[in-house]
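*Asks:* Quick one: this structure, given as structure tokens, is what I'll be asking you about.
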Amino acid sequence: MASTLPSSVLSPSTTISRRFIQTGTICCKVETGSRDSLPRRRHLFHCIGATISLDLLGRSSSLIQVASAADLIQRRQRSEFQSTVKDILATAIKENQDLIPSLLTLALNDAMTYDSDTKSGGPNGSIRLRSEISRPENKGLAAAMNLLEEAKKDIDVKSKGGPISYADLIQYGAQSAVKKTCLDAAIRKCGGNAEKGALLYRVYGSNGQWGLFDRQFGRSDSVDADPEGRVPQWETASIQEMKDKFEAIGLGPRQLAVMSAFLGPDQQATEAKMVSDPDVLPWVLKYQRSRETVSQTDYEVDLITALTKISTLGQHINYEAYTYPVQKIDITKLKL
């Protein structure tokens, strides 16, 4: 019987000799000269329990190692697929830069259907449905949706773990549009030199701030359109209506100001309207000043933070999405 207890816990007349049978198991042989010197029952249970514990510990360690390896494989699969998604979207947007404002509004409007009382709506891809994309607040966004549909074809062909959800596609389309806008701003500050601008954005820009956004990869699609009346028509809405909508999803004047580019095709016109509100005015001025700096740090970081929150409203992320079984190799068939 196995034990990890010292022999001193047994009666003085009992002598225990130990020998190892195999790794993780200790054999305890009780040598006694009389019936009275037999170890008590609880000592036997201690020995048995120790043997079982050591065995379970060894098995659990193996399981943890297997689980960790599987987790690393899935992370790599998701990372590789995400890189493919970003590359395809970046190429598509570079060739259709006039659709950048629409891509931003498309992502915002898909998310803004979220209702905190009923926990329904949100960035679930429902804006792709004809009954929703045709609503007044989504006027002019069909071309952006068509661009993403075409990109999706290329993405799905290269996917090993199933097609990308529209919910993910739309939000990552907005991410690519924001990155393109920030890169272009850096190039302008370098006198139009693309190489220097790319270096400026890489070194001083906010590209490294997307970590949390990138982890939210695995949104689910809705098969039904979200209820009407949840998204304002941004171009005609009053500032108070905009503030009320942002407040309803847990955001305030700061986030409203930083997302001015998402609220219509003309960011300057939107901000000109926003400065009439005393709550929004200081934030508009703050981000306008930030956009004039070399790095745009305040503007870009706050924009990424706001978009990250909006892009996950009401969503339960599937962190195993886009993963796939790894083909096993029969080493007995390998030719050495």
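*Asks:* Could you look through the range 116-145, keep only residues that are among the charged types (D, E, K, R) and touching a helix residue (DSSP H, G or I) at 6+ places or on another chain (Cβ under 8 Å), and pick out the one that is nearest to Ser165 (Cα to Cα)?
*Replies:* Arg128
*Asks:* Same structure again: Return yes or no: is Ser311 under 26 Å from Ala144 (Cβ atoms) and among the small types (Gly, Ala, Ser)?
*Replies:* yes
*Asks:* Moving on to the next point. Does any residue of the range 181-188 turn out to be buried (at least 18 other Cβ atoms within 10 Å of the Cβ), more than 20 Å from Thr91 (Cβ to Cβ) and of a type in the set (S, T, N, Q)?
*Replies:* Checked the range 181-188: no residue is buried (at least 18 other Cβ atoms within 10 Å of the Cβ), more than 20 Å from Thr91 (Cβ to Cβ) and of a type in the set (S, T, N, Q).
*Asks:* Also, I was wondering about something else. Listed residues Leu303, Leu313; which is in a loop (DSSP other than H, G, I, E, B), open to solvent by less than 30 Å² (accessible area, probe 1.4 Å) and touching a helix residue (DSSP H, G or I) at 6+ places or on another chain (Cβ under 6 Å)?
*Replies:* Leu313
*Asks:* Another question, then. Using beta carbons and a limit of 6 Å, which pairs, at least six apart or on different chains, have the first residue in the range 126-141 and on the phi < 0 side of the Ramachandran plot and the second one part of a helix (DSSP H, G or I) and charged (D, E, K, R)?
*Replies:* Sorted first by the residue in the range 126-141, then by its partner, the pairs are Ser126/Glu132; Ile127/Asp110.
*Asks:* For the range 253-280, what are the residues that are outside any helix (DSSP H, G or I), farther than 19 Å from Gly122 by Cβ and open to solvent by less than 70 Å² (accessible area, probe 1.4 Å)?
*Replies:* Gly264, Val275, Asp277, Val280
*Asks:* Pick from Gly211, Gly218, Gly191: which is in contact with an Asp or Glu (Cβ under 8 Å, 6 or more places away or on another chain) and of a type outside the set (Asp, Glu)?
*Replies:* Every option except Gly218 fails the conditions.
*Asks:* Find all pairs meeting these conditions: Cβ atoms under 7 angstrom apart; at least six residues apart or on different chains; first residue within the range 298-327 and under 13 Å from Gln209 (Cβ atoms) and small (Gly, Ala, Ser); second residue open to solvent by less than 40 Å² (accessible area, probe 1.4 Å) and in a helix (DSSP H, G or I).
*Replies:* Partner pairs satisfying both residue conditions: Ala306/Val258.
*Asks:* Another question, if that's okay. Which residues, counting only those in the range 65-119, are over 20 Å from the mean Cα position of the chain (by Cα) and small (Gly, Ala, Ser)?
*Replies:* Answer for the range 65-119, where residues must be over 20 Å from the mean Cα position of the chain (by Cα) and small (Gly, Ala, Ser): Ala67, Ala69, Ala92, Ser102, Ser116.
*Asks:* Can you tell me which residue is farthest from the chain's Cα centre (by Cα) among those in the range 190-216 that are surrounded by 19 or more Cβ atoms within 10 Å (Cβ to Cβ) and not aromatic (Phe, Trp, Tyr)?
*Replies:* Per the stated criteria, the residue is Gly197.
*Asks:* Scan the range 97-115 residue by residue and report those that are open to solvent by 50 Å² or more (accessible area, probe 1.4 Å) and either touching a Ser or Thr at 6+ places or on another chain (Cβ under 8 Å) or in contact (Cβ under 8 Å) with a residue 12 or more places away in the chain (or both).
*Replies:* Across the range 97-115, the qualifying residue is only Gln97.
*Asks:* Give the range 217-252 a look and list any residue that's open to solvent by 60 Å² or more (accessible area, probe 1.4 Å), free of Cβ contacts under 8 Å to residues at least 24 places away in the same chain and farther than 19 Å from Leu141 by Cα, or say none.
*Replies:* Selection gives Val223, Glu241, Asp244, Glu247.
The values are calculated or read from the model by the stated rules, or taken from the named source; none is laboratory data. A quick note: this is a predicted structure, and the numbers were derived from the prediction, not measured. With ideal geometry, Cβ positions are generated from the backbone for all residues, glycine too; neighbour counts draw on all protein chains shown. In case anyone asks, the SASA skips ligands and DNA or RNA and just uses the protein heavy atoms, side chains included. Shrake-Rupley method; radii C 1.70, N 1.55, O 1.52, S 1.80 Å.
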